[in-house]
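Enquirer: What follows is a single structure, and I will ask about it in a moment.
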Amino acid sequence: MITVQKAAINTALVAALVGGGAYLAMGYPVIASSTNTGSQSSTDSAKGGHQANGITEQLLTGSTATRVRNAVLAANPGATVHRVETDAEGAVYEAHITKADGSRATVKLDGSFNITATEAGRGR
């Protein structure tokens, strides 16, 4: 017997897969959405490494990546998270996203996973 919660999760996963397929068709890798907390894709692993102030940003993994992703998606419903990483420009973490309206942004977070800033136009 499928519970209502399992049915909702299954529906959300199917929607994410269908939406992700459309997004991939546009040439954008999908590594996470509001229903997908999977790891970074190998395509995006080649990105990152941005340096500023003598610091090289590192891609996040595991529970830290999940917590950053969850905080960003809670504040930006319907967004797609392209990658999450450490920040070399003052924040502890950052997430590169495309918002539900299609605009790109970089979301900055502190060490407690609180959003401290959102920079428009800096996604990916």
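The values are calculated or read from the model by the stated rules, or taken from the named source; none is laboratory data. Remember, predicted model here, so these are calculated numbers, not experimental data. Ligands, DNA and RNA are excluded from the accessible area calculation, which covers all protein heavy atoms including side chains. Shrake-Rupley method; radii C 1.70, N 1.55, O 1.52, S 1.80 Å.
Enquirer: Binned at 5 Å from 0, what are the whole-percent values of the Cα-Cα distance distribution for the stretch 57-124, short to long?
Expert: Bin by bin from 0 Å, the calculated values are 4, 21, 35, 26, 11, 2.
Enquirer: Here's a follow-up. Carbon-plus-sulfur fraction of the accessible area of the stretch 51-124, 1.4 Å probe, in percent?
Expert: On the way: 1530 of 3370 Å².
It is 45 percent, rounded to a whole number.
Enquirer: Any chance you could tell me what percent of the C-alpha pair distances in the stretch 52-96 go past 14 Å?
Expert: Details: 460 of 990 pairs.
In whole percent, the long-distance tail amounts to 46.
Enquirer: Could you report the stretch 47-124's accessible area per residue, 1.4 Å probe, as an integer in Å²?
Expert: Values: 3600 Å² over 78 residues.
Result: 46 Å² per residue.
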